[in-house]
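Comments concern the structure below.
The values are calculated or read from the model by the stated rules, or taken from the named source; none is laboratory data. Everything numeric here is computed off the predicted structure, so don't read it as measured data. Every residue, glycine as well, gets a Cβ built from its backbone with ideal geometry; the counts of neighbours run over all protein chains shown. Areas reflect the complete protein model, heavy atoms only, side chains present, ligands, DNA and RNA absent. Shrake-Rupley method; radii C 1.70, N 1.55, O 1.52, S 1.80 Å.
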Amino acid sequence: MLHGLLYLFQVAFSYPWLIVVFVFQVWMFIHAVRQGEWLWAFFIIIGSGFAALCYFFFVYRGSVSATRGFELPGAQKRRRIKELEAQIHHLDKPHPNFQ
């Protein structure tokens, strides 16, 4: 067991691009699972980095989360609240007050 682990580290440090491919593959797998793309997640796990690369170009780049960037939880709600407050201030109608 220890010999196998040492061999794994030796290979990983001999070919550093394998570490990059593995990290990219894990990133795409997590995104696929969060989006409910179970077939893609399966292919990413059993495939090499090629499946993760295909997922990146065919699915990830077209998703909303890729173009929105990183946001803290609740940022969208705060943005909507500020938008409604501005509507209430400028319009003073009952509909935005109700929301």
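Within region 62-85, the residues that satisfy the criterion of being basic (Lys, Arg) and modelled with pLDDT of 70 or more are 77, 78, 79, 80, 82. Of the residues contained in region 12-19, none is found to be at pLDDT 85 or above, open to solvent by less than 60 Å² (accessible area, probe 1.4 Å), touching a helix residue (DSSP H, G or I) at 6+ places or on another chain (Cβ under 8 Å) and aliphatic (A, V, I, L, M).
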